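K.L.:
Pasting in a structure now, in structure tokens, and then I'll have a few things to ask.
The values are calculated or read from the model by the stated rules, or taken from the named source; none is laboratory data. Bear in mind that the values here come from a model prediction, so they are computed numbers and not experimental data. No Cβ is skipped: glycine too gets one built from the backbone with ideal geometry, and neighbour counts run over all protein chains shown. Surface areas here come from the heavy atoms of the whole protein model, side chains and all, with no ligands, DNA or RNA. Shrake-Rupley method; radii C 1.70, N 1.55, O 1.52, S 1.80 Å.
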Amino acid sequence: DMSRPKPGAESAMRRGFPDAVQKKILIIYGAIFGVGVLYAFLILHTPFRIPCLFREVTGLQCPGCGTSRMALALMRFDIPAAFAYNPVAFFSFPTWFLISIAGFFGHPKILRDPKILLRILYINIVIYMIFAIFRNLPLSG
């Protein structure tokens, strides 16, 4: 019968994202974590660094500048330094992680709504752009 959902599909939809989406989330977060650990190891034990191309070309800080230093500060549990390196990423990364986890388990249901997620994404992008502008303004003393 074509009208009946596949076994387990209904329970997957009730508990959170569909199984295929959950698998993609796990793969993406696993890849990010793996690359992050590798990069942290390289930064801590070698002279290897990935320069910010935007900063190299323009001399200005991009919205993501300071994210590596923020992550390293968090690994040392130096919360004030982590916040100072990139305050937007400091709040943005855990927010998206919590949104993903909430959507993964299906609570609250609103976080599985693509329109809501797109609104949150657009707001996040606007915040990053405003941050990029203000962090590059010359401060008068």
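K.L.:
If we count every other residue with Cβ under 13 angstrom of Tyr39's Cβ, Lys/Arg +1 and Asp/Glu -1, where does the sum land? Show your work: numbers first, answer last.
P.N.:
Working: positive: Arg49, Arg69; negative: none.
Cβ neighbours under 13 Å give a net charge of +2.
K.L.:
As an exercise, find the ratio Rg/Rh for the range 20-103 from alpha-carbon atoms, using the Kirkwood inverse-distance average for Rh.
P.N.:
Working: Rg = 14.3 Å, Rh = 14.3 Å.
Expressed as Rg/Rh, it is 1.00.
K.L.:
If you scale each eigenvalue of the Cα gyration tensor by 5 and take the root, what three semi-axes come out for the range 42-81, rounded to whole angstrom and sorted largest first?
P.N.:
21, 15, 5
K.L.:
Can you bin every Cα-Cα distance in the chain into 10 Å intervals starting at zero and give me the percent of pairs per bin, rounded to whole numbers?
P.N.:
All Cα pairs considered, the percentages come to 10, 29, 32, 18, 8, 3, 0, 0.
K.L.:
Give me the dipole magnitude in Debye, nearest 20, for the range 10-141 about the Cα centre, with unit charges on the beta carbon: positive for Lys and Arg, negative for Asp and Glu.
P.N.:
Details: 13 positive and 5 negative charges, 42 e Å.
The calculated dipole for the range 10-141 is roughly 200 debye.
K.L.:
Could you work out the relative contact order of the range 18-141? I mean the mean sequence separation of Cα pairs under 8 Å and 6+ apart, divided by the number of residues, in percent. Write out the running numbers ahead of the final one.
P.N.:
Numbers: 61 pairs, mean separation 24.7, N = 124.
Relative CO of the range 18-141 lands at 20 percent.
K.L.:
Students often get this wrong: which residues of the range 39-64 have the backbone nitrogen under 20 Å from the point 7 angstrom along Cα-to-C-beta of Val126?
P.N.:
63-64
K.L.:
Helix 19-45 versus the longest principal axis of the chain: what angle, 0 to 90°, nearest 10, using Cα atoms?
P.N.:
For 19-45 against the chain, the angle is about 20 degrees.
K.L.:
By how many degrees, between 0 and 90 and to the nearest 10, does the Cα long axis of helix 87-105 differ from the longest principal axis of the chain?
P.N.:
That helix lies at roughly 10 degrees to the long axis.
K.L.:
Ile116 versus Leu74, label points 7 Å from Cα toward the beta carbon: distance in nm?
P.N.:
2.4 nm
K.L.:
Would you look at the GNM of the chain, springs on alpha carbons closer than 10 Å, and say which of Pro94, Pro47, Pro63 moves the most?
P.N.:
Pro47
K.L.:
Share of the chain's accessible area from carbon and sulfur, percent, 1.4 Å?
P.N.:
Details: 7780 of 10500 Å².
Accessible surface attributable to carbon and sulfur in the chain totals 74 percent.
K.L.:
Write down the accessible area per residue of the chain in Å², having rolled a 1.4 Å probe over the full set of protein chains.
P.N.:
Details: 10500 Å² over 141 residues.
Averaged over the residues of the chain, the accessible area is 74 Å².
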